[in-house]
Amino acid sequence: MICLTSPLSRFRRSEDGAALVEFGLLLPVFLLMFALAVEGSRTFWAYQTAIAGVRDASRFVARSAPNSLCETAGTLNSYTSKVTDIVTNTVGGDSLFPASITIASVTPTLTCITGNYAMGTVPVANITAVLNVSYPFSGVFDLIGVDLGDVSTTVTDQSRIYGV
């Protein structure tokens, strides 16, 4: 007579492969945490880089645009290409952002503020950039049913125009 209880009880008590099963159960969680850390860091880095670029662009316009723009009904349209270059590129001309992060538009606008100032009307340069972020690791978030679509945000800075 063959006794089946001995092999079954031995199989039930055996711990061979337990670590592999535990790793298989935790692997999706580890992948999710890794993807969350990478994507969160990339988003924060891109946003901080865009903030610095827009701030530098508004400072550039504040120092290079004439302070008589409000009296002459001028605009900042002639600064659009230079401001876009400041926000999106390094000094050497290389892109500041990876391919999945794009600056959709950079718009300089002029605001004339009237008040009790020495000049009467004060010109203020407003620089607005629209930042689009797409996520390369979005497939990992599909494992838990989260759809990571593209994120779009607007970064704005303003500076008083002092003129040349």
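The values are calculated or read from the model by the stated rules, or taken from the named source; none is laboratory data. As the structure is a computational prediction, the values presented were derived from the model and not from experiment. Ligands, DNA and RNA are excluded from the accessible area calculation, which covers all protein heavy atoms including side chains. Shrake-Rupley method; radii C 1.70, N 1.55, O 1.52, S 1.80 Å.
Accessible area per residue of region 30-155 at 1.4 Å probe, in Å²?
Each residue of region 30-155 exposes 54 Å² on average to a 1.4 Å probe.
How large is the translational diffusion coefficient of region 8-164 in µm² per second when you combine the Kirkwood radius over alpha carbon pairs with Stokes-Einstein at 37 °C and 0.692 mPa s?
172 µm²/s
Please report the carbon-and-sulfur percent of the accessible area for the chain; probe 1.4 Å, protein heavy atoms only, DNA, RNA and ligands left out.
It is 61 percent, rounded to a whole number.
Working with all protein chains in place, sort Val106, Val38, Val21 by solvent-accessible area computed with a 1.4 Å probe, largest first.
Order by accessible area, largest first: Val21, Val38, Val106.
Write down Rg/Rh for region 99-154, rounded to two decimals, with Rg from the C-alpha atoms and Rh from the Kirkwood relation over Cα pairs.
Here the Rg-to-Rh quotient is 1.36.
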